[in-house]
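These notes are about the structure you will find just below.
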Amino acid sequence: MKVGIVGLGYWGPNLVRNFQADNEIEKVIGCDKEPERLNYIKLRFPNVELMDSFDNLLLSDVDAVAIATPVNTHYKFAKRVLEAGKHVWVEKPFTSNSAQARDLIELAGKKDLKVFVDHTFLYAGAVKKIKEIVESGELGDIIYFDSVRINLGLFQHDVNVIWDLVPHDLAIMNYVLKDKTPVAVTANGIANYYDQENIAHISIHFKSEDCFAHFHVNWTSPVKIRRMILVGTKKMLVYDDMENSEKIKVYDCGIEMLSSKEKIRKALVQYRIGDMYSPKVIQTEALALGVKEFVSAIKEGRQPLTNGHDGLEVVRILEASDKSIKNRGCLIELEEKEIIKPAVKTFEREDFIKKIRIMSNGL
Ligand SMILES: NC(=O)c1ccc[n+]([C@@H]2O[C@H](COP(=O)([O-])OP(=O)(O)OC[C@H]3O[C@@H](n4cnc5c(N)ncnc54)[C@H](O)[C@@H]3O)[C@@H](O)[C@H]2O)c1
């Protein structure tokens with residue numbers, strides 16, 4: 001398979017390295033409008049063919065194109081890739097709004113092409129392990145999901161801190177808590193330096209009212225924290241991505257309400273504090289596994305694990321968060337989860353009608 005990568009700024013070189021290292025990929029073409037970025041890649045990856053024009057990349061023989069340009073360009077580039085009949089990899093967040101996301105999903109369906117959204121963390125060993133633990137029931141029912149992703153971050157000119165950082169955590173939440181449906185969002189934030197928020201707090205309410213999620217993202221923190229806490233009715237889990245080993249810790253602790261005659265007047269709380277263990281986590285680079293999934297999905301003609309629908313679900317929450325911030329933290333309800341069915345390809349429909357005709361003639 002031959003792959004083109006447009007956008008060779010901060011993140012693009014990681015895509016170049018991982019696509020080039022994959023043994024299913026026979027050719028990588030890098031594309032950027034800045035000669036300085038092309039030179040950077042030329043020095044580090046001498047085998048990569050380079051182009052300064054996206055139009056020429058589309059005219060080349062690549063089967064798929066990965067888009068690592070600023071967020072507000074994702075839609076227009078992805079649409080042109082699909083229109084050119086090529087599969088597309090889009091960096092997170094998928095698009096700048098949900099209408100664009102729906103449009104790309106529909107177009108890919110009509111053309112029978114694959115859309116991969118780079119929710120990188122879903123390919124990380126730690127996140128896979130968390131999903132395994134949650135699905136085994138070891139933690140009990142999840143009642144709280146908390147995420148902190150803060151540091152002295154790179155200010156983005158086209159998006160606020162929410163669109164930059166929280167897509168990772170929302171994608172993890174949607175993946176790990178697959179059976180919980182987010183129904184409403186409240187968010188607060190502040191833009192201290194220019195018109196984009198640099199600090200934000202987002203809360204998510206679910207259909208099942210016994211679960212709640214909270215996210216803190218911040219480009220103006222003196223320390224770097226990448227930590228998640230999942231509280232279950234049986235056990236609790238902490239995921240610290242800054243740890244080299246022991247990224248996940250499972251705590252056998254919890255809270256029980258004691259039943260007593262006095263219960264109505266005075267709640268009796270009993271704390272259970274038991275052992276802690278840290279499960280082994282596979283350390284393979286997440287992006288390398290993302291590339292493998294993209295290639296396999298195309299070869300096997302199936303949806304990738306992180307596809308357009310997952311991208312859309314994240315974008316819907318980002319949109320609602322922006323709306324809530326603009327309305328001083330008011331509750332924004334999410335519409336029912338949408339399933340966009342790919343349009344039936346014309347030839348399939350005609351084939352089907354032909355078959356029906358033949359069958360009815362035979363009767
Ligand atoms: N998956 C992850 O963990 C991860 C991490 C960082 C960034 N990202 C995403 O990657 C994307 C890029 O982020 P970045 O930080 O690398 O941005 P960046 O600004 O550093 O790089 C963008 C590059 O795109 C190029 N570009 C813009 N318009 C172009 C055009 N018309 N033709 C050719 N090249 C063009 C620019 O010259 C620049 O080199 C964003 O969507 C971001 O959210 C993902």
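The values are calculated or read from the model by the stated rules, or taken from the named source; none is laboratory data. Being a predicted model, the structure only gives us computed values, none of them experimental. All Cβ positions, glycine included, derive from the backbone under ideal geometry; neighbour counts span all protein chains shown.
The table for this structure:
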item: Selection within the stretch 286-298 - touching a residue at least 24 places away in the same chain (Cβ under 8 Å) and either in the same structural domain as residue 247 (by TED's automatic domain parsing) or of a type outside the set (Asp, Glu) (or both); result: 286, 287, 288, 289, 290, 291, 292, 294, 295, 297, 298
item: Unique match (being under 21 Å from residue 240 (Cα atoms) and away from the ligand (no atom under 16 Å from the Cβ)) among 185, 176; result: 176
item: Residue 128 within 16 Å of the ligand (Cβ to nearest atom), touching a residue at least 40 places away in the same chain (Cβ under 8 Å) and of a type in the set (D, E, K, R); result: no
item: Subset of the stretch 20-33 [within 14 Å of the ligand (Cβ to nearest atom) and either more than 17 Å from residue 69 (Cα to Cα) or in a loop (DSSP other than H, G, I, E, B) (or both)]; result: 32, 33
item: In the stretch 1-19, residue farthest from the ligand (Cβ to nearest atom) [restricted to those that are over 15 Å from residue 59 (Cα atoms) and of a type in the set (A, V, I, L, M, F, W, C)]; result: 1
item: Checking residue 158 against (1) under 19 Å from residue 316 (Cα atoms); (2) crowded, with 18+ Cβ neighbours inside 10 Å, the condition it does not meet; result: (2)
item: Unmet requirement for residue 244, which otherwise passes all of (1) surrounded by 17 or more Cβ atoms within 10 Å (Cβ to Cβ); (2) of a type outside the set (A, V, I, L, M); (3) at pLDDT below 95; result: (1)
item: Subset of the stretch 110-131 [under 12 Å from the mean Cα position of the chain (by Cα) and not aliphatic (A, V, I, L, M)]; result: 116, 118, 119, 120, 121, 123
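Conditions tested, residue by residue: (1) assigned to a loop (DSSP other than H, G, I, E, B); (2) surrounded by fewer than 23 Cβ atoms within 10 Å (Cβ to Cβ); (3) under 16 Å from the mean Cα position of the chain (by Cα).
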site	(1), (2), (3)
140	yes, yes, no
143	no, yes, no
147	no, no, yes
150	no, yes, no
154	yes, yes, no
165	no, no, yes
170	no, no, yes
174	no, yes, yes
178	yes, yes, yes
